[in-house]
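The values are calculated or read from the model by the stated rules, or taken from the named source; none is laboratory data. As the structure is a computational prediction, the values presented were derived from the model and not from experiment. Cβ coordinates were reconstructed from backbone atoms using ideal geometry, including for glycine residues, and neighbour counts include every protein chain displayed. These accessible areas exclude ligands, DNA and RNA; they are computed on the full protein's heavy atoms, side chains included. Shrake-Rupley method; radii C 1.70, N 1.55, O 1.52, S 1.80 Å.
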Amino acid sequence: MKAIPRQVVSAITFLVMSVSLFVVGNAANAAAITLGSTATSRTTTIQGSNKLTYWGNGALGTQNENVTRVLFVIHGNGQNPDSYAQTALDAAKSKGVLGQTLVVTPYWDMNSDSGKMYWDSDWREGDFSRDSTHQSSYLVLDKLINSVDTTTYPNLKEIVVAGHSAGAQFATRWAAISPNTKVTRVVAANAGSHVWLDSSRPYSTSGISGYNDYKYGTANRPSYVSGPSTTTLKAQFAAKRMIQLQGTADTVRDSDFDTSKQADTQGRNRYERGHKFFDSLVRIYGSSITTNHEVRDVPGVGHTWGGMAKSPVGMTALFNR
């Protein structure tokens, strides 16, 4: 066989290297997707053919080298995931981390005609969805979290769960019920009530039945959150990194506030309840709990996700910067 001229070999080698570099370069570029600054609606499959709607600035599960943080935001009773997601994006932009932060706000839809997964108002406590999947809202969040990994996001550094108001109630109760260990920290802002981890309360419980039943305590838990023992539940809660944010002006007792006798054993307003709950953690676990758990005041802010998330204290908690 006649030898191939050296010039031809060189040309072929150059061509192969050029094609390789082109393919590799394009693959890298394709995986570095610019994250948007506007929250839009998307869907993802949780089980079978049933879809969950979520709002955010990128598609969950799409490979992206730019993502270093996935921030799951839990909306409040207003059923406004679009607003919650956009507020988180605005805060990320203000903090200079928008390009690295994928915001995902699951929609706990209460509309049975939506054609998607839907719940009743007990989605805050982890209740089952009313569609055919019959999925606990807490399990749905776990599945979303577990779909996030370094294969999809090779530069991933942290996963954060944050919520405000009813979303903060969701986040704190989920932190106790869920065994999930992938979350870097939980940020709970202005929760209306808390899942107390023992039967003691700062105000008298005399004559008040059900004050220690779930959702206010750990007793008589319904089937959708009955899995872990009380001992396991306490251990799971203590192990999670949690920052409670409390607006110092969130002291109003209005129509959106839980004024039940059971809730009032925890405190007379959201600000007081948050601090009393944190005090109970120190009493139950000892000072070692402050390694993972803390409460931070947001001066002058009332019951508003925007005021909390965009405050210097809030942005530091959300983005660890």
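Restricting to the stretch 132-157, give me the number of residues that are open to solvent by less than 20 Å² (accessible area, probe 1.4 Å), outside any helix (DSSP H, G or I) and either over 20 Å from Ala59 (Cβ atoms) or not aromatic (Phe, Trp, Tyr) (or both).
The total comes to 4.
If Tyr118 satisfies every condition in (1) among the aromatic types (Phe, Trp, Tyr); (2) in contact (Cβ under 8 Å) with a residue 24 or more places away in the chain; (3) assigned to a loop (DSSP other than H, G, I, E, B) but one, which is the exception?
(2)
Any chance you could count how many residues in the stretch 121-131 are aromatic (Phe, Trp, Tyr) and part of a helix (DSSP H, G or I)?
Final tally of qualifying residues: 1.
Tally time: how many residues in the stretch 298-321 are farther than 18 Å from Gly163 by Cβ and at pLDDT 95 or above?
3
In the stretch 50-70, how many residues are under 19 Å from Thr184 (Cβ atoms) and part of a strand (DSSP E or B)?
3
Are any of the residues in the stretch 196-203 hydrophobic (A, V, I, L, M, F, W, C), more than 26 Å from Gln63 (Cβ to Cβ) and at pLDDT 95 or above?
So far as the stretch 196-203 goes, yes, one or more of its residues are hydrophobic (A, V, I, L, M, F, W, C), more than 26 Å from Gln63 (Cβ to Cβ) and at pLDDT 95 or above.
Could you check the stretch 271-300 and list, in sequence order, the residues that are open to solvent by less than 20 Å² (accessible area, probe 1.4 Å) and in contact with a strand residue (DSSP E or B) (Cβ under 7 Å, 6 or more places away or on another chain)?
Gly274, Leu281, His293, Val298
Pull out all pairs, ordered by first then second residue, where Cβ-Cβ is under 8 Å, the residues are six or more apart or on different chains, the first lies in the stretch 88-115 and is over 28 Å from Arg130 (Cα atoms), and the second is in a strand (DSSP E or B) and open to solvent by 10 Å² or more (accessible area, probe 1.4 Å).
Hits for this filter: Val97/Arg69; Gln100/Arg69; Thr101/Arg69; Leu102/Arg69.
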